[in-house]
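One structure is given here, and the rest of the page talks about it.
The values are calculated or read from the model by the stated rules, or taken from the named source; none is laboratory data. Remember, it's a predicted structure, so these values are computed and weren't measured experimentally. Positions of Cβ are generated from backbone atoms using ideal geometry, with glycine treated the same way; all protein chains shown enter the neighbour counts.
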Amino acid sequence: MQKSKLYFILMASLLLISLPAQSEAEPVVSKSAIKVFFQRKFESIEAFLSQKEVIIDSERLMEFVEQELMTVWSAELTIKAILGVKRWSRLKNEQKQQLIESYNHTMKRYLYEVMLKYEGQKAIAEKIQLNKKATKGWLTAKLLLKNFPDITIDLKLFHSKAEKGKWLIYDFRFQGISFIKLKQSEYRTIVDEQGVLALIELLDHKNNEFFVEI
C-alpha cells in the first residue's frame with residue numbers, strides 16, 4: 001500500500017504541466033492536441049529528472065517544482081473541493097487567502113518529496129475525457145514501472161477563464177480513489193472541531209519544518 005501511494009503521488013507530480021492558453025474566441029483544444037501536448041511534456045520532464053545531478057541539487061529541483069509544476073496546480077480549487085462549498089463560504093476572505101497560501105506550500109512540499117523518488121518511470125498519455133462544454137475533464141495516463149505492474153492514473157483538469165484560458169489541475173485518482181477524497185475527512189474534522197486557523201497552523205508547521213531542512 002505504501003508503494004501504491006508513492007506511485008500515486010509520483011504520477012501526479014509527473015503530470016503537473018500546463019496546456020496552451022486560449023482566448024475566448026479560439027476553439028477549445030481538441031482531445032488529440034491535449035494528448036500530444038501532455039506526452040511531449042512527459043518526455044521533457046523525464047529528461048530533466050534523468051539527470052543524476054538534479055536529484056542532489058535541492059535548489060534546482062525546487063526551482064523546477066515551482067516553475068514547471070506549481071504554475072498549473074490550483075491549490076485554491078483543491079482546498080475548496082476538500083472543504084466543500086458550505087465550509088468554504090463561511091470563511092472570511094483573509095482566512096481563504098491564508099489557507100490557499102498554506103496549501104500551495106503543502107503541494108510544493110509533496111511534489112518536491114516525490115521528485116526525490118524518481119527511478120526512471122515512463123508516463124504515457126492514453127486518453128482525454130471532456131464534458132460537453134469542454135470546461136472540465138480527465139486525463140488518463142499509464143505509468144510504466146520497472147519492477148512493478150504498470151499503473152493507470154487519472155488527472156482532473158479545469159479550463160480556467162480567470163487564468164487566461166489555462167488548463168489547471170486540481171485532483172487525481174488512482175484505482176477509483178481521489179486525492180481530494182483522501183484528505184476530506186481529516187481537513188473537515190479539524191475545521192469543524194478546531195476552526196480553520198488550526199488547519200492553517202498545522203499545514204504551516206509541517207511546511208516550515210520541511211523547508212528549513214532543504
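The table for this structure:
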{"read-out": "Flag for E193 being surrounded by fewer than 15 Cβ atoms within 10 Å (Cβ to Cβ), acidic (D, E) and within 20 Å of the chain's Cα centre (by Cα)", "value": "no"}
{"read-out": "Of all residues in the range 196-205 being in contact with a helix residue (DSSP H, G or I) (Cβ under 6 Å, 6 or more places away or on another chain) and surrounded by fewer than 17 Cβ atoms within 10 Å (Cβ to Cβ), the one that is farthest from H105 (Cα to Cα)", "value": "A198"}
{"read-out": "One residue from L145, L155, L197 being at pLDDT 95 or above and out of contact with any Lys or Arg (no Cβ under 7 Å at 6 or more places or on another chain)", "value": "L197"}
{"read-out": "Top-ranked residue in the range 153-190 [being surrounded by 14 or more Cβ atoms within 10 Å (Cβ to Cβ) and among the hydroxyl-bearing types (S, T, Y); ranked as nearest to V72 (Cα to Cα)]", "value": "Y170"}
{"read-out": "Count of residues meeting criterion [among the polar types (S, T, N, Q) and modelled with pLDDT of 95 or more] in the range 158-194", "value": "4"}
{"read-out": "Wholly within the range 21-83, helices (runs of 4 or more DSSP H) carrying at least 2 residues that are at pLDDT below 85", "value": "31-49, 52-55"}
{"read-out": "Complete set of residues in the range 46-57 that are touching a residue at least 60 places away in the same chain (Cβ under 8 Å) and under 10 Å from M115 (Cβ atoms)", "value": "L49, I55"}
{"read-out": "Criterion: touching a residue at least 12 places away in the same chain (Cβ under 8 Å), farther than 23 Å from A47 by Cβ and not β-branched (V, I, T) - qualifying residue of S89, S102", "value": "S102"}
{"read-out": "Pick from the range 38-91, criterion exposed (fewer than 15 other Cβ atoms within 10 Å of the Cβ) and of a type in the set (D, E), ranking: nearest to the chain's Cα centre (by Cα)", "value": "E66"}
{"read-out": "Selection from the range 71-120 of residues that are within 25 Å of T135 (Cα to Cα) and hydrophobic (A, V, I, L, M, F, W, C)", "value": "V72, W73, A75, L77, I79, A81, I82, L83, V85, W88, I100, M107"}
{"read-out": "Residues of the range 108-145 that turn out to be within 19 Å of F158 (Cα to Cα) and either assigned to a strand (DSSP E or B) or in contact (Cβ under 8 Å) with a residue 40 or more places away in the chain (or both), as a count", "value": "13"}
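For every residue, the table says whether it meets (1) more than 30 Å from W138 (Cβ to Cβ); (2) assigned to a strand (DSSP E or B).
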position	(1), (2)
L168	no, yes
D171	no, yes
Q184	no, no
Y187	no, no
H205	yes, no
